[in-house]
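The values are calculated or read from the model by the stated rules, or taken from the named source; none is laboratory data. The structure presented is a predicted model; accordingly, all values stated were derived computationally and were not measured. Glycine also receives a Cβ, built like all others from the backbone with ideal geometry; neighbour counts cover every protein chain displayed. To get the accessible areas, we keep the full protein, side chains included, count just its heavy atoms, and leave off ligands, DNA and RNA. Shrake-Rupley method; radii C 1.70, N 1.55, O 1.52, S 1.80 Å.
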Amino acid sequence: MRSAAIPAAGAEDDAQSTWLPMIVIALGQVLMSFNVASLPVAIGGMVDSFGVPPTTIATGIVMYSLSVAGLVMLGAKLCQRFGAQPVFRGVVLIFGLAMVLMTFSPNATVMIAAQGLAGMAGAALVPSLVALIANNYRGRQQATALGALGSARAGAGVAAFLIGGVLGTFIGWRPAFGILIALSAIVFVLSFRLRRDEGRPDVQIDLVGVVLAAAAIILISFGFNNLNRWGLGLARPGAPFDLLGLSPAPVMIVLGIVLGQAFLMWTHRRQAAGKTPLLALEVIDSPKERAAVYAMFTIVALEAALNFTVPLYIQIVQGRTPLDTAIAMMPFNLSVFVAALLIVRLYDRLPPRQIGRLAFALSAVALVWLAVVVRNDWSTFPVLVGLVLFGIGQGSLVTLLFNVLVTASPKELAGDVGSLRGTTNNLAAAVGTAVAGALVVGLLSAGVMRSLVDNPVIPVELKEEVDLDNVNFVSNDRLLEVMRQTSATPEQVEEAVRINTEARLRALKIGLLIMAGFALLALIPAGQLPDYRPGEIPPQPKREDS
């Protein structure tokens, strides 16, 4: 049995290595993070360009995360077989091609396909980053590099919100993704400065495992992403088919979980037979490591939910510009960046368990605070305080939990740790975005229906003129356009606007409170994180069977 621990104070570090490889590795992370963070900022522009609802744009976010999560384990094995550096260089080129397709996409379908291709490239990029860090750095320098990787992710989010906001407001949403074409070329050229590893030709690719893992993740993600459109229980009119009247969405989720269990059983059998598994189960063989995975899933899902909900409210509900979104989200992204970079300093003073509990408690307090103070103006100081507090908790947790997983495994399993991190992060991002969309739209629909029941101002005849089966977030200006096409009187239009305004805000507040509840539940896995006293655990724990 091995201990999951973060390098302790006073531990002897290896000789210092140059930070040039880390710059290249960080830029590889920036490619992926800038792309994902740019999508919420571009919601308003894409809705106008493609003529689709915001939930369709969210499908692009889900498609990217889905591709990474479903194929990242395969990506890790490719890195082990052919070498992390050659794989890194190849997929950076593929990612650049995806950004070309994204920048010039003529419709939402092509946009979603571009994000799927970018996700396939990201599936190999994610584990290659961890493997490259393990190849180039040791000891305290490795812990700092991992913290820098988390900061690169957060820093890219800051840059995406700022650059995407400015470009989206004054030029359009496409140039933000055009920047990634140039950055991909730069990263490719710099990748020749990375230490080359030849790979291990003896590593086998478990194709059955690839199919089981990908199918499980795809079914779970698609199920969650379509809960609102297809129905939570009974099938809605928008469902492509039904199963004895049941919606296919929850059935997909259950089937995906079953296939996930089948993947674990198959992996155990393959490993017992002495064959190379798709995922080395040693990276999750202790309760502490599993707790780190559960905690990581929760905080990334909450981050994705917030990153979808806030821009949705600012751009679609308030009808404000992408620049307004960037300004409103800037304190959050900056706090994530700073926390991810500085949390390493606490590793010598507090055990991971205590840091994890404090960070989740802070995240829950921040979400409750946001639910209480949020109004129709996201620029108010109390809202910014809530976003900063959540950013501190989120940034601290992502770096902490990543360190727990990496330092618990030997160097040769770095790719497996990377694939586990990629699967967890991207599945969580897909589920978080999908659930957030389904949750707030569901709450909005329920609020509107409740306000319309026995409403003396809105007659039954007017309700029949409006499509109440597909209630979604719309600005008051858009609602006015719809109401002008009906027989509504000025008084009835005013009442409809009032109902829409109140229902939107109520849905947002309840959604934030539900998110806070999940943050509190995450205190359970956080309590299972390592509880060593600083200075007692060596920086690279040995495996008894190594």
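Could you list, in sequence order, all residues of the range 483-508 that are more than 16 Å from Ser451 (Cα to Cα), part of a helix (DSSP H, G or I) and open to solvent by 50 Å² or more (accessible area, probe 1.4 Å)?
So in the range 483-508, the residues more than 16 Å from Ser451 (Cα to Cα) come out as 483-490, 508.
With part of a helix (DSSP H, G or I) added as a condition, the list becomes 483-484, 490, 508.
The answer is Arg484, Pro490.
What residue, of Ala295, Ala301, Ala340, Ala305, is within 23 Å of Leu520 (Cα to Cα) and in contact with a Pro (Cβ under 7 Å, 6 or more places away or on another chain)?
Ala295
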Handout entry: Sole exception among (1) of a type outside the set (Gly, Ala, Ser); (2) at pLDDT 75 or above; (3) under 30 Å from Leu400 (Cβ atoms); (4) open to solvent by 50 Å² or more (accessible area, probe 1.4 Å) for Arg533, by number
Key = (2)
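On the given criteria, is Leu302 surrounded by fewer than 18 Cβ atoms within 10 Å (Cβ to Cβ) and closer than 30 Å to Ala214 by Cβ?
Values: surrounded by fewer than 18 Cβ atoms within 10 Å (Cβ to Cβ): no; closer than 30 Å to Ala214 by Cβ: yes.
Judged against the criteria, Leu302 is not a match.
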Handout entry: Any chance Phe381 is over 30 Å from Ala145 (Cβ atoms) and of a type outside the set (Lys, Arg)
Key = yes
Fill in the blank from the handout: Note: among Gly178, Gly209, just one is of a type in the set (Gly, Ala, Ser), open to solvent by 20 Å² or more (accessible area, probe 1.4 Å) and either over 25 Å from Ser335 (Cβ atoms) or assigned to a helix (DSSP H, G or I) (or both), namely Gly178
Problem - Looking only at the range 305-323, and only at residues there that are over 16 Å from the mean Cα position of the chain (by Cα) and of a type in the set (Val, Ile, Thr), the one that is surrounded by the fewest Cβ atoms within 10 Å (Cβ to Cβ) - result: Thr321
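Take the residues in the range 229-251 that are assigned to a helix (DSSP H, G or I) and open to solvent by 40 Å² or more (accessible area, probe 1.4 Å), then tell me which one is farthest from Tyr64 (Cα to Cα). First the steps, then the outcome.
Initially, the range 229-251 is screened for residues assigned to a helix (DSSP H, G or I), giving 229-230, 248-251.
Cutting the leftovers down to open to solvent by 40 Å² or more (accessible area, probe 1.4 Å) gives us 229, 251.
Working: Arg229: 20, Val251: 23 Å.
This residue is Val251.
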Exercise for the section: Only residues in the range 155-180 that are farther than 27 Å from Ile392 by Cα and among the β-branched types (Val, Ile, Thr) count as the first member; pair them with residues that are open to solvent by 20 Å² or more (accessible area, probe 1.4 Å) and part of a loop (DSSP other than H, G, I, E, B), Cβ under 8 angstrom, at least 6 apart or cross-chain, and list the lot. Expected result: Thr169/Thr321
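Could you pull out the residue among Ala371, Ala295, Ala361 that is surrounded by 24 or more Cβ atoms within 10 Å (Cβ to Cβ), out of contact with any His (no Cβ under 8 Å at 6 or more places or on another chain) and either of a type outside the set (S, T, N, Q) or at negative phi (or both)?
Values: Ala371 fails: surrounded by 24 or more Cβ atoms within 10 Å (Cβ to Cβ); Ala361 fails: surrounded by 24 or more Cβ atoms within 10 Å (Cβ to Cβ).
Exactly one residue qualifies, and that residue is Ala295.
Which residue out of Val460, Val441, Val435, Val431 is open to solvent by 40 Å² or more (accessible area, probe 1.4 Å), modelled with pLDDT of 75 or more and among the aliphatic types (A, V, I, L, M)? Walk me through it before giving the result.
Details: Val460 fails: modelled with pLDDT of 75 or more; Val441 fails: open to solvent by 40 Å² or more (accessible area, probe 1.4 Å); Val431 fails: open to solvent by 40 Å² or more (accessible area, probe 1.4 Å).
When all the criteria are applied, what remains is Val435.
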Handout entry: Unmet requirement for Thr169, which otherwise passes all of (1) open to solvent by 30 Å² or more (accessible area, probe 1.4 Å); (2) closer than 19 Å to Gly44 by Cβ; (3) assigned to a helix (DSSP H, G or I); (4) at pLDDT 80 or above
Key = (4)
Completion exercise
Ala326 passes all but one of the listed conditions (1) crowded, with 22+ Cβ neighbours inside 10 Å; (2) among the hydrophobic types (A, V, I, L, M, F, W, C); (3) modelled with pLDDT of 75 or more; the exception is number (3)
Exercise for the section: Look through the range 386-397, keep the residues that are at pLDDT 90 or above and open to solvent by 10 Å² or more (accessible area, probe 1.4 Å), and return whichever of them is farthest from Leu521 (Cα to Cα). Expected result: Val388
Practice task
Within the range 74-126, count every residue that is open to solvent by less than 10 Å² (accessible area, probe 1.4 Å), farther than 27 Å from Arg195 by Cβ and not in a helix (DSSP H, G or I).
Solution key: 1
Practice task
Given the conditions (1) touching a residue at least 60 places away in the same chain (Cβ under 8 Å); (2) farther than 30 Å from Phe50 by Cβ; (3) surrounded by fewer than 17 Cβ atoms within 10 Å (Cβ to Cβ), report the number of the one that Leu149 does not fulfil.
Solution key: (3)
Handout entry: Residues that are open to solvent by 70 Å² or more (accessible area, probe 1.4 Å), farther than 14 Å from Leu401 by Cα and assigned to a helix (DSSP H, G or I), drawn from the range 262-292
Key = Met265, Trp266, His268, Arg269, Ala272
